Ligand code: ADP
Ligand code: MG
Ligand code: MG
C-alpha cells in the first residue's frame, strides 16, 4: 500500500483532487509542483496512515519506514543535500494538513534536522553562524514545546534573561555567540523537562514529529474546532515533510501571505502582507508590522512580477480565489501553500459574480460558490449613518458589519456570560486571539484585537464566520487585571458597551444604533441568477406590513405564515382579547370579539396591500389563551381594574386555564372547536379585508390556515364553518373574492392521515416546529437542559429544531406530501399546494430537503429569504 506521495522539481505523485488522502496542503503542494510553480521538494504521508495509527493503538503501519526513506532520498537528490549531513545538511519542515483547513491543529515545526554537528556545518556552509544558531534554538523550542510538550514559557524565560544580561531589547540584536549560548540553555531546559537530551539523530526528530502531528488530530483544540465547525467524516491529518527554504538569510529574503483577491470586499486586487528577512509565521504573529504586498514591487521588482504571474496562474488553474504563502530565499521565490481563500459573504458574492463575468466560471458555478449562510454577512446591520458615531480609535477592518456588545476580556468569560445570559451581546477584546479562544469568539457578537494584521488568527476566523472584527487597533490598551481597557486613553470597563464597525475599522465607545442592509449590486445579480435555477418558491413569515415589505424587497413571493395572535398584544387589542377570555357567555364573548374585529381587518388590509398580487397564508388563532393573561398579582390587579372585574374572577380564570402541558393543551383548532365565534370573527375580518383591498384594484390571494389539525373530523368541521363564514361575508358585501382553506400539518397524526385530510384541505403547510416537537416528544422550550449532552454524545447530529431531522420528521413530511397529493388529485383533479413554515424554512440543508420531497414553497423570516433563494437554487442545480 502506498502511504507516501512525493512532490517537487516540476512533478508530483499527487493532485489537487486527492485532498481526502493528502490533506488540502499536501494535495495543493503536489498540484502546484506539477503545474510548474516553484515549490520546495517534499513528500506527504497520507491521512490513511493517521487513521491506521489510531486503529492500531497508536503505532505506525509497517512499510511506512521504507517509503519515507525512499521519498527522503528522492528529496535529498533533488535538493542536493542530506538530512543530518554535517557538511551540507538538509533541513525540513513538518507540517500538518487535513482535507479541510483546521486552525488549531499542530503548529508547524521548522528547521528539523539540525543537531550540534549539522548546525556547525550549516554555519560554515552559509558562512552565517548567527543564522545557523538562531535556526537551531528555534528548532529546540518548537520541537520541545510542540512535539515533547515542554512549556514554551521556559524557553521564553531563558531568551528574556539572556537579553537582559546582554542589555538588548530585540532578538535580532543577539550575536552569534549569544545564540550559541542560548542553544546551550535551551538544551538544558529541554533535558530537564523531557529527561533525555535533545535528539541528535535527525531521523529520530523526524519520526517523533510525524507522530506528534498524528496525535494533534485528537488534541482538544482540534476536536473543539471540528465540533464548532461541524466537520466530521475525515480520516485524519496528513503530514507534509518539506525542504526548508529561508526567508531570514538577509535583506534579499523574506516571507509573506496573500490572497489573490481582497477577501473582505472581493475586489480583484492582490491583497496581503510580507516581511523582509523573516521566517515562518513572523508575518502572522504580529511581532513586527508587515508591509503591504504592493510594496514588494519596490523592494524586489523581479520577484514581485513573478508573484503576480503566479497569482494569475493559480486563479486560472483553480478558478477560485486563493490564499497563498510564499518565501523568498536570496532572491528566489518559493510557494509554500495555496488553498481556496476564506472570505466574507460580501466578498464571496462579488468574487463569484466577477469570475462569471470574467468567463472563469459559468453562472451555475457562481450560484454554487456562495454558501447561503454566508449571505448573512450582506444582511448584517450597518451603523446608522444618522447616528452620532464618533470613532474613538481606528484599527484594521478585518471582517465587515457593525456590532455592539458588552466588553469581555477573555474567551472563557465570554463563554461563561453567554451561557448565563444568551441575550446579552458581548464584545471580545483581546491583544490577539489563538485557537484556544475560538469558543469565546463564537460567543461574542464582535471581536476587537489590539495587535495582529489582516491574516491574524482573529481576522481569519471572524471572516470565516461572518462576524464583525477589527484587528491591530493599537490605540486599545488592555488591562486584564484591572478588568478594563483604554481606547485612546479613555477607560472602558468590562461590561460597558463598545461598538465596532468592521467595514471601516472604527471603534466607538458606547452603544451606536445600527440599520438593516439593502439588496443591490452584485448581490442582486447573484440572486437573479439563483432565481433562474430554483423551482421552489420562497415565502416569508410576517405579521405586519413593515416586515412584509422588507421581505418583498428581499424577494419573498408571498407570506407562508401570518400569525394572527401577534396582533393581539398591542394597545386596546389586548384589552378586548382579555375581555373575550374572561367572558362567561357566548354573547359576552361575541361582544368582545366585535371590538377586536376592526383591528384584525385593518391589519389584514395593510398586509394584503404590502403583498399585492402575492398569496398570503393566515393562520387562525393558535396559542393557548392563558398566554394573553398576566400570571403575576400586579398584572392581575391591573386587568381587574381595567375591565371593572373582581380580581378574584381574574385569578380564577387564570387558574382554570392553567395546563400542565400547554404545548399539548387547549390550543390550535381546539380553540375554534370549542369557541366557533373566534373563528367566525377572524374569517370575517380576513374576507372583509380582502374585499376592501380588491375594491382598491389590488389583487388579493388569502389562504386561510387551520392550525394543529390531527383528525379529518376536525378538518371537515372547521372547513365547513370557515366556508360558511366566507360565503356569508361575500354575499353580504356583494363582491366576489377568491380564497383557499387549508391546514397546517404539524401533529404526527395529520401526516399519517394526510390522505383523508386532503379531501377537505385545499393546501398543506408543514409546521415543522410542532411536528418536530411532537415527533421527538421534546418540548421546544425545554431542550436547553439536555440538548448539549445529546449533541456531545452524538445522539443527535444536530439540534432538530434548527435543521430538519430528515430520517424521522422528514418521513412524516414525505408521507404527508405523497398521501395528500394523491388523494387530492383523485378527489378533485387538483394539485395540492404544499409548503413549510417552521424555522426550518430558512435553513439551507432543510431547504434542500424540501426541494427533494417536492414542496411548492418554503417560508422563512424576512432576513433569511435571500438565503433560502440561494439554497433552493443550489438544491435544483
Ligand atoms: P499552517 O497550517 O498553520 O498554515 P504551515 O504548514 O503552512 O502551517 O506552516 C506555517 C509557516 O511555516 C508557513 O507559512 C511558512 O512560513 C513556514 N514554513 C513551513 N514550511 C516551510 C518550508 N519548507 N520552508 C520555509 N518555511 C516554511
Ligand atoms: Mg499551523
Ligand atoms: Mg499555512
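Readers should treat all values here as calculations from the given coordinates under stated rules, not as data from a laboratory. If you're wondering where the values come from, they're calculated on a predicted model, not measured in any experiment. Note: ideal-geometry Cβ built from the backbone for every residue, glycine included; neighbour counts use all protein chains shown.
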Under the classification rounded if a/c is under 1.5, otherwise prolate if a/b is larger than b/c and oblate if not, where does region 193-313 fall, given a ≥ b ≥ c as square roots of the Cα gyration tensor eigenvalues?
-> oblate
Beta bridges per DSSP with both ends in the chain, % antiparallel, nearest 5 = 65
With a point put 7 Å past each Cα toward its Cβ, work out how far residue 818 is from residue 789 in nm, to one decimal.
-> 3.7
Arrange the peptides 783-795, 330-342, 428-440, 644-656 so that the one whose residues have, on average, the most other Cβ atoms within 10 Å appears first.
-> 428-440, 330-342, 644-656, 783-795
Rounded to the nearest 5, the percent of DSSP beta bridges in region 380-515 running antiparallel is 75
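For region 746-877, count all C-alpha to C-alpha pairs, find those more than 22 Å apart, and express that count as a whole percent of the total. Please report the intermediate quantities before stating the final value.
On the way: 3311 of 8646 pairs.
Cα-Cα pairs of region 746-877 separated by over 22 Å account for 38 percent.
Using the beta-carbon distance between residue 807 and residue 876 and R0 = 25 Å, what value does 1/(1 + (r/R0)^6) give for FRET efficiency, to the nearest 0.05?
Numbers: r = 23 Å, r/R0 = 0.90.
With a Förster radius of 25 Å, E is 0.65.
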Spacing of the two label points (7 Å from each Cα toward its C-beta) at residue 54 and residue 177, in nm | 5.2
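Find how much the distance from residue 493 to residue 200 grows on full extension, using 0.36 nm per residue of separation minus their present alpha carbon separation; answer in nm with one decimal.
On the way: separation 293, 0.36 × 293 = 105.48 nm, distance 5.14 nm.
In short, 100.3 nm is gained.
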Quick one: go through region 640-656 and flag any residue whose amide nitrogen is under 12 Å from the point 7 Å out along the Cα-to-Cβ line of residue 584.
-> 646, 649-650
Give me the Debye-computed log₁₀ of I(q)/I(0) at q = 0.09 Å⁻¹ for region 380-515, equal point scatterers on Cα only, no solvent, two decimals.
-> -0.20
How many nm is it between the label spots at residue 223 and residue 528, if each spot is 7 Å from the Cα in line with the beta carbon?
-> 5.1
What is the helix-to-structure angle for 345-357, meaning the angle in degrees between its Cα long axis and the longest Cα principal axis of the chain, kept from 0 to 90 and rounded to the nearest 10?
-> 80
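Pull out a ≥ b ≥ c, the square roots of the eigenvalues of the alpha-carbon gyration tensor of region 384-454, then state rounded if a/c is under 1.5, prolate if not and a/b is larger than b/c, and oblate in the remaining case.
Values: a/c = 2.28, a/b = 1.26, b/c = 1.81.
Since a/c reaches 1.5 but b/c is at least a/b, the shape of region 384-454 is classed as oblate.
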Beyond 19 Å, the calculated P(r) of region 437-548 holds a percent of Cα-Cα pairs equal to 61
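Provide the gained length on full extension for the span residue 852 to residue 15, in nm with one decimal, where the gain is 0.36 nm per separating residue minus the Cα-Cα distance. Can you show the working numbers first?
Working: separation 837, 0.36 × 837 = 301.32 nm, distance 3.35 nm.
So the extension gain works out to 298.0 nm.
I need the peptides 475-482, 661-668 ranked by packing, meaning the mean over residues of other C-beta atoms within 10 angstrom, with the highest value on top.
Working: 475-482: 14.6, 661-668: 16.1.
By packing density, highest mean first, the sequence is 661-668, 475-482.
On a full-extension model of 0.36 nm per residue, what is the gain between residue 779 and residue 749, subtracting their alpha-carbon distance, rounded to one decimal in nm? Each step should come with its number before you reach the end.
Working: separation 30, 0.36 × 30 = 10.80 nm, distance 1.75 nm.
Going from the current span to full extension adds 9.1 nm.
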Starting from the Cα gyration tensor of the chain, multiply each eigenvalue by 5, take the square root, and state the resulting semi-axes largest first in whole Å.
-> 62, 29, 25
Place the peptides 76-88, 669-681 in order of packing, highest mean first, counting for every residue the other Cβ atoms within 10 Å and averaging per peptide.
-> 669-681, 76-88
Please work out whether region 254-340 counts as rounded, prolate or oblate from its C-alpha gyration tensor, where a ≥ b ≥ c are the square roots of the eigenvalues and a/c under 1.5 means rounded, while otherwise a/b larger than b/c means prolate and anything else oblate?
-> prolate
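Kindly state, to the nearest 0.05, the FRET efficiency for residue 299 paired with residue 612, given R0 = 60 Å and r defined as their beta-carbon distance. Mind showing how you got there, number by number?
Numbers: r = 62 Å, r/R0 = 1.03.
Plugging the Cβ-Cβ distance into 1/(1 + (r/R0)^6) gives 0.45.
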